Amino acid sequence: MHTREVMVIHHTDCALGRFSQAQLSEQITAASGHGFAEELGCFTDPIQAIAEDLERLRACPYLAARNKVRGFMYDLTSNVVTEVPAPDRPPT
């Protein structure tokens, strides 16, 4: 694919950060009428969730541009995107 850069973008007020895995599974099951047991990756700290995604991508041996993986938070209220650096790297 010749990917040269990767941007991970999370957003504020995300259901994955507002509900537990059990709560989301229950809501999806109720809405769909089908049992749901997939892991969705719920989190309590949105900045840490971005950092974990960045680490996971930077460790991927199939991604040639591992040194150009950056994270961002999109604020739905203000319509602003802010870079969230990984703990070991400053923003570029």
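Just so it is clear, none of the values below were taken in a lab; they were calculated from the coordinates. From a predicted model like this one, the values you see are computed outputs, not experimental measurements. Glycine also receives a Cβ, built like all others from the backbone with ideal geometry; neighbour counts cover every protein chain displayed.
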Item to check | Rounded tilt (10° steps) of 21-32 against the dominant C-alpha axis of the chain | outcome: 60
Next on the checklist: So if each residue of separation counts as 0.36 nm, and I subtract the Cα-Cα distance between Thr12 and Thr44, what length gain in nm does that give?
Outcome noted: 10.3 nm
Item to check | Signed unit charges on C-beta, dipole axis of segment 6-83, positive-most listed residue Ala37, Asn79, Leu24 | outcome: Asn79
Checklist entry - Nearest-5 percent of antiparallel DSSP beta bridges in the chain? => result 40
Checklist outcome for this item: With Ala64 itself left out, Lys, Arg at +1 and Asp, Glu at -1 over residues whose Cβ is under 15 Å from its Cβ give +3
Checklist entry - Label-point separation (nm) for Thr77 and Glu52, each offset 7 Å from Cα along Cα-to-Cβ? => result 2.5
Checklist entry - For helix 46-58, what angle does its Cα long axis make with the longest principal axis of the chain, in degrees from 0 to 90 and rounded to 10? => result 60
Checklist entry - Based on the Cα coordinates of the chain, what is the per residue volume of their convex hull in Å³? => result 138
Checklist entry - Just in segment 22-53: which GluC sites (Glu not before Pro) are loop by DSSP and have at most 11 other Cβ atoms within 10 Å? => result Glu38, Glu39
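Taking the Cα centre of segment 6-83 as the origin, how large is its charge dipole in debye, to the nearest 20, when only Lys and Arg (+1) and Asp and Glu (-1) carry charge on their Cβ atoms?
On the way: 6 positive and 10 negative charges, 73 e Å.
My answer is approximately 360 debye.
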